[in-house]
Amino acid sequence: MPDLFKKSAYIFDSFSLLRLFQKEPGYEKIIKLLKHIETHRLFKYLNAINMGEIIYISKREFGNQYKLEILAQIERLEFIILPVTNELIFQAAELKADYSISYADCFLLASAIQNQAIIVTGDPEFKKVESLAEIIWV
C-alpha cells in the first residue's frame, strides 16, 4: 500500500463519498481504503459542512428517499462527524481569502489541518492546495 495508507486519520469530502455511493469510477479505491481504515482501527472523519453538501446534493439530484439512504450509509460506516467550531470557521475563512476554492472545501481543508488527517477526494479544486495537506486522489 502507498505510504498515505499508513496514516492514522483520513477525512472524506462530499466528492469522494458521493462517488462511492453512486459507484462512479474510483469507488473501488475508496472501498479498499475504508477496509484498511476499519482493519487498522484508524480515524475516518467527515466535516459537518461536507455532510450538509452530501444531503443537499443527494436530495437535489435523486430525491428525498435517496438522501435518507445515503445518510443511513454514512451512519453505518461510522464516520466521526467533525463539528464546526468558531476556530474552524476562522481558519476556513482565512483559507478562503488565500485560495480560490469553495468555502465548503475550505472547511474540509481546515479540518484536515487541525486533525492531521489525509484528505480523500477526487475534486480537482484541491490541486490548488496540495502543499497544505496530504491527499489521496480517487
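Throughout, read-outs are computed from the coordinates displayed, never taken from laboratory work. Quick caveat, the model's predicted, so the values are computed rather than measured. For neighbour counting, all protein chains shown are included, and Cβ atoms are generated from backbone atoms with ideal geometry for every residue, glycine included.
Values for this structure:
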{"read-out": "Residue of Ala117, Ala104, Ala93 that the Gaussian network model of the chain assigns the largest fluctuation, springs spanning Cα pairs under 10 Å", "value": "Ala93"}
{"read-out": "Hull-based mean projected area of the chain, where the convex hull spans the alpha carbons, in square nanometres", "value": "7.9"}
{"read-out": "Listed residue (Tyr56, Ala93, Ile113) projecting farthest to the positive dipole end of the chain, Cβ model", "value": "Tyr56"}
{"read-out": "Segment Arg41-Ile81, extension gain: residue separation times 0.36 nm, minus the distance between their alpha carbons", "value": "12.8 nm"}
